[in-house]
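A quick write-up on the structure given underneath.
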Amino acid sequence: MFRKLTLACAALAIAVVAHAQPAPKQATAVDPAVIEAYIKGTWKKVPDGWQARVEQDETQRVCSQYRNNPPLTEFEKILAREKATVVFPGDGNVMGDWKKGEKIAQDGRGGQFSDPPNMVNGGNCYACHQMAKEELSFGTLGPSLAEYGKIRKFSVEEAKSVYAKIFNPQSVQPCSNMPRFGFHRFLSEQQIKDLTAYLMSPDSPVNK
Amino acid sequence: MLGARAALSALGLTVLLAVGVSGAPAQQAADDSEKEIERYRAMINDPMANPGYLNVDRGEVLWKTARGANNVSLEKCDLGMGPGKLEGAYAKLPRYFKDADRVMDLEQRLLWCMENIQKLDTKDVLARRFGGPGRTSDMEDLVAFIANKSNGMKIDPQLAHAKEQEMLAVGEAMFFRRSSISDFSCATCHGEDGKRIRLQGLPNLSKPGKVAQETMGSWPTYRVSQSQSRTMQHRLWDCYRQMRMPAPEYASDGLTALTVYLTSQAAGGEINVPSIKR
């Protein structure tokens, strides 16, 4: 109960921050049906099993409409909907192998139309986040995660929160830029556990 | 001459790679590598050293070659400035064409001229839309040649016609449209100033101004990493690949809509092409 309240407060805090930003340029008045007709024409020959990638789910649609800055009612709807998708490991243990996690964090392959089908996807975390200090080639689209576990005193609750964030970041922050890795089955439960350990294990270079 | 060019390219790549593994802090490394890339660009940014100018030369030959069932050249093709007038045409594209009753980018317009003026079966041209090892692209050659005729001119978006306005609105919506298994839109990577993927800087194309002008004013470009001259069609195709979307249709109206939006952000930017990029 207390945890739920904390999360709700955090969500509200994020919402307030989001609404403190200057209002984005309003979306143009073009009929959504016109846009979707262009989309259809641009992806008219799609390989089997790929059509769902072209169409938007409700969360993608609302986040696009509001340019990731949804009004509070939509914000809460996304939060509730996305939270319901998070599946924790059956035995409750969210910590995998940080060494495997590091490989997944470095690996940016998978999921592109130029990739062979059925390959194991990487998480590509370093494309956007700073983590281990010795890795200098990191992106800045996401916040730095250096010493992530150390700052959070390696708490079990925080590890669970990391797992949930990787599984579905929008279960914590609606319209987050980060991919919903578990929700889309882009990463497996084991891969998300390994990444959680990479951020939360005291032995991980992220926390050195 | 060709050997010298290849050697120069290889040297440039070595410089880039060497910079990538420096021991300085990441931002410093990024800045240094950006500076080295600038130096490299300056070094080869002359028509005698940029391999993209081979495409310009081939494009000129293609423009003047009689082809198709009508056995005529493309010299009667109207790119918006009148039949055969190339100076400044690229600076005003995409634009509305009355004869086709459509807004077209340069590549769509060239295909239209091939099909309607030359009566050329474009199947082979489309199969070679992107060049590769041992395979030149007529489209990449023609775009390099024609865009080069707008060098020194300013990007001048054409937005007076209702269909141009529709393209702009759709392009803007597509820029912010999130989809696929990564939940990405164009704005995910190109929506804020000063961001990077790994060490690669990302232009913010969500607002008008200098960054958008420099970006759009430097396409088409010779991509050193691909050893090919590339057009905006290829750039957008490659972006959607990285966004984990299916391949977008070449010369489709959606890609032209995005190009209308991007050129409108880049209005007033000076064109200097083919440029050279990583």
Expected single match for closer than 26 Å to B:Asn50 by Cα, open to solvent by 20 Å² or more (accessible area, probe 1.4 Å) and modelled with pLDDT of 95 or more among B:Leu120, B:Leu126 is B:Leu126
What about A:Pro117, is it closer than 21 Å to A:Gln191 by Cβ, open to solvent by 80 Å² or more (accessible area, probe 1.4 Å) and over 16 Å from the mean Cα position of the chain (by Cα)? yes
Those residues that are more than 13 Å from chain A (Cβ to nearest Cβ), open to solvent by 40 Å² or more (accessible area, probe 1.4 Å) and not in a helix (DSSP H, G or I), I need them from region B:202-225; list them, please. B:Ser225
Could you list all residues from region A:136-172 that are of a type in the set (S, T, N, Q) and either touching a residue at least 60 places away in the same chain (Cβ under 8 Å) or in contact with a His (Cβ under 9 Å, 6 or more places away or on another chain) (or both)? A:Thr140, A:Ser144, A:Asn168, A:Gln170, A:Ser171
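Of the residues that make up region B:139-158, is at least one touching a residue at least 24 places away in the same chain (Cβ under 8 Å), open to solvent by less than 30 Å² (accessible area, probe 1.4 Å) and acidic (Asp, Glu)? Explain how you work it out, then say what you get.
Within region B:139-158, the first condition is being touching a residue at least 24 places away in the same chain (Cβ under 8 Å), and the residues that meet it are B:139-158.
Subsequent filtering for residues that are open to solvent by less than 30 Å² (accessible area, probe 1.4 Å) retains B:139-147, B:150, B:155.
In the following step, the residues that additionally are acidic (Asp, Glu) were identified as B:140-141.
Yes - at least one qualifying residue is present in region B:139-158.
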Listed by first then second residue, the pairs whose first member lies in region A:33-57 and is open to solvent by less than 60 Å² (accessible area, probe 1.4 Å) and aromatic (Phe, Trp, Tyr), whose partner is assigned to a loop (DSSP other than H, G, I, E, B) and at pLDDT 95 or above, with beta carbons under 6 Å and at least 6 positions apart or on separate chains, are A:Trp43/B:Pro246; A:Trp50/B:Pro246
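I'd like the full set of residues that are outside any loop (DSSP other than H, G, I, E, B), away from chain A (no Cβ under 14 Å) and of a type in the set (Gly, Ala, Ser), limited to region B:146-179. Steps first, please.
Let us first name the residues in region B:146-179 that are outside any loop (DSSP other than H, G, I, E, B), namely B:146-148, B:154, B:162-175, B:179.
Still in the running and away from chain A (no Cβ under 14 Å): B:146-148, B:154.
Within region B:146-179, just B:Ala147 meets the criteria.
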Selection count where residues are more than 8 Å from chain B (Cβ to nearest Cβ) and either in contact with a Leu (Cβ under 9 Å, 6 or more places away or on another chain) or assigned to a helix (DSSP H, G or I) (or both), scope region A:62-79: 10
Working carefully through the options B:Arg244, B:Arg230, find the one that is within 18 Å of B:Arg109 (Cα to Cα), buried (at least 20 other Cβ atoms within 10 Å of the Cβ) and not β-branched (Val, Ile, Thr). B:Arg230
Reported set for region B:247-262 where residues are open to solvent by less than 30 Å² (accessible area, probe 1.4 Å), outside any helix (DSSP H, G or I) and at the interface with chain A (Cβ under 7 Å from one of its Cβ atoms) is B:Pro248, B:Ser252
Matching residues, region B:190-199, being open to solvent by 30 Å² or more (accessible area, probe 1.4 Å) and either at the interface with another protein chain (Cβ under 7 Å from one of its Cβ atoms) or touching an Asp or Glu at 6+ places or on another chain (Cβ under 7 Å) (or both): B:Lys195, B:Ile197, B:Arg198, B:Leu199
Which ones in region A:67-114 are farther than 23 Å from B:Cys186 by Cα, acidic (Asp, Glu) and buried (at least 21 other Cβ atoms within 10 Å of the Cβ)? A:Glu102
Would you pick out the residues in region B:263-275 that are open to solvent by 10 Å² or more (accessible area, probe 1.4 Å) and either within 15 Å of B:Leu106 (Cβ to Cβ) or assigned to a loop (DSSP other than H, G, I, E, B) (or both)? B:Thr263, B:Ala267, B:Gly268, B:Asn272
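So that you can scan it fast, the table gives a plain yes or no per residue for (1) of a type in the set (S, T, N, Q); (2) under 16 Å from B:Val273 (Cβ atoms):
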{"position": "B:Leu93", "(1), (2)": "no, yes"}
{"position": "B:Gln108", "(1), (2)": "yes, no"}
{"position": "B:Ile117", "(1), (2)": "no, no"}
{"position": "B:Val143", "(1), (2)": "no, yes"}
{"position": "B:Glu166", "(1), (2)": "no, no"}
{"position": "B:Met174", "(1), (2)": "no, no"}
Which one of these does A:Glu158 not meet: (1) among the acidic types (Asp, Glu); (2) within 12 Å of chain B (Cβ to nearest Cβ); (3) open to solvent by less than 70 Å² (accessible area, probe 1.4 Å)? (2)
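The values are calculated or read from the model by the stated rules, or taken from the named source; none is laboratory data. On a predicted model such as this, the values are computed, not experimentally measured, just so you know. All Cβ positions, glycine included, derive from the backbone under ideal geometry; neighbour counts span all protein chains shown. For accessibility, only protein heavy atoms count, side chains too; no ligands or nucleic acids. Shrake-Rupley method; radii C 1.70, N 1.55, O 1.52, S 1.80 Å.
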